[in-house]
């Protein structure tokens with residue numbers, strides 16, 4: 001586990017001056033981009049944009065510059081101590097492994113998707129004595145534009161679902177919905193990004209099903225790296241494994257995690273905090289078998305007592321790595337399957353079904369009950385008696401994600417059947433799009 005790669009601190013004069021210079025350069029760069037990318041107003045009758053005026057550039061540069069200044073001010077408030085920046089937190093800039101891998105996964109997914117879009121919509125035309133692709137580069141740029149809206153929709157959707165699952169906690173103070181603390185849920189992000197992509201496709205007059213076939217395999221590529229980030233942060237951990245299991249991993253308690261330079265990290269891993277939490281109902285574990293119970297049984301020890309004594313979690317399954325490997329296999333498999341698709345939406349349907357199976361399988365090994373289960377949902381809704389009929393350790397106490405996976409598999413199967421029956425032959429020969437001369 002490596003939650004923080006490096007923490008940039010600004011406690012000396014030269015580092016503080018360097019930060020001011022960097023932030024000034026960032027604001028200048030953002031302002032220049034506003035000036036450079038200005039566009040003229042569109043004629044409501046003809047739809048043609050007029051030439052860009054100096055005033056257009058100034059207004060756009062001012063708007064971009066103000067946004068950059070607000071971003072820089074927030075960064076300095078967070079990083080600098082209060083004696084340098086009024087009210088500053090002095091936290092520096094921690095470089096989180098999870099954030100690096102998540103960003104890397106997103107960039108990788110967008111890069112691959114844009115290249116696939118260029119190949120998907122390639123259209124050759126004879127221009128000035130040579131064949132030129134007149135449509136592919138445009139679609140590549142459109143997918144790059146789509147990435148921003150998908151990111152916004154994904155963040156809003158994932159946060160929304162997290163709040164819904166944990167609404168009882170937020171009902172006490174609804175302002176915490178907008179707090180930077182808390183979690184995100186992948187399925188919520190998937191729905192949010194899908195809605196954003198659908199709206200974008202409609203606004204750009206792009207076939208949504210065809211666009212989905214291009215982009216959906218890259219979601220698994222991004223998730224492959226994102227789950228490695230989960231492993232580094234100690235979240236989304238697995239259930240307790242038998243003591244003699246060769247797959248078990250231990251997540252550290254407070255003061256044990258380190259960065260790349262060997263300096264002590266921040267607090268304990270999320271897995272440790274969960275297993276050591278004395279405020280939640282007691283859990284008991286038989287270390288030899290990994291069985292977890294909600295009440296004391298012969299041969300079991302209280303989970304919180306065990307982890308507090310040892311300073312790390314019990315051995316748990318590395319479910320983050322399980323899903324990461326599965327996502328990479330899914331990404332490569334769907335890239336190959338694109339050669340044999342029969343209709344637009346074929347790859348999307350296969351992904352919905354395959355990912356639902358993968359996620360449901362991995363969920364069988366998950367141990368973070370905080371993610372939401374049927375037992376917890378019934379308790380949250382006030383059905384305590386019903387919740388008692390679904391014990392925490394029962395096999396039918398499915399997680400929220402497993403329930404959503406069941407729905408997603410059904411949607412994929414219906415899509416495969418309906419579109420397969422009505423849209424077969426949309427993709428010529430099942431081998432994907434072929435370049436056409438115009």
Nearest-0.05 FRET efficiency for residue 119 and residue 410, computed from C-beta distance (R0 45 Å) | 0.90
For residue 264 and residue 91, calculate 0.36 nm times their separation in residues minus their Cα-Cα distance, and state this gained length in nm to one decimal.
-> 60.8 nm
Sequence-separation-based contact order of the stretch 270-316, relative, with Cα cut under 8 Å and 6+ spacing, percent = 39
Equivalent ellipsoid semi-axes - Cα gyration tensor, the stretch 239-309, angstrom = 25, 15, 8
In degrees, nearest 10, the alpha-carbon axis of helix 136-165 is tilted away from the dominant principal axis of the alpha carbons of the chain by 30
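Hey, can you rank 7-19, 314-326 by average C-beta count inside 10 Å, highest first?
Numbers: 7-19: 13.7, 314-326: 21.6.
Descending packing order for the listed peptides: 314-326, 7-19.
Show me 226-238, 50-62, 330-342 ranked by packing, highest mean number of other Cβ atoms within 10 Å first. Write down the numbers at each step before the final one.
Numbers: 226-238: 23.7, 50-62: 13.5, 330-342: 16.8.
With the highest mean Cβ count within 10 Å placed first, the list reads 226-238, 330-342, 50-62.
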With a Förster radius of 51 Å, plug the Cβ-Cβ distance of residue 78 and residue 293 into 1/(1 + (r/R0)^6) and report the FRET value to the nearest 0.05.
-> 0.75
Output ordering of 284-295, 123-134, 355-366 (per-residue mean of other Cβ within 10 Å, highest first) is 355-366, 284-295, 123-134
By how many nm would the segment from residue 52 to residue 111 grow when fully extended, if each residue of separation counts as 0.36 nm and the alpha-carbon distance is taken off?
-> 18.2 nm
Measure nothing but the geometry: give the 0 to 90° angle between the long axis through the Cα atoms of 346-363 and the longest principal axis through the Cα atoms of the chain, rounded to 10°.
-> 20
Largest first and rounded to whole Å, the semi-axes √(5λ) derived from the alpha carbon gyration tensor of the stretch 1-91 read 38, 14, 11
Kindly express, to the nearest 10 degrees and within the range 0 to 90, the angle between helix 208-233's C-alpha long axis and the longest C-alpha principal axis of the chain.
-> 40
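Only the coordinates and a few stated rules stand behind these numbers; no lab work does. All values reported here derive from a predicted model rather than from experimental measurement. Glycine also receives a Cβ, built like all others from the backbone with ideal geometry; neighbour counts cover every protein chain displayed.
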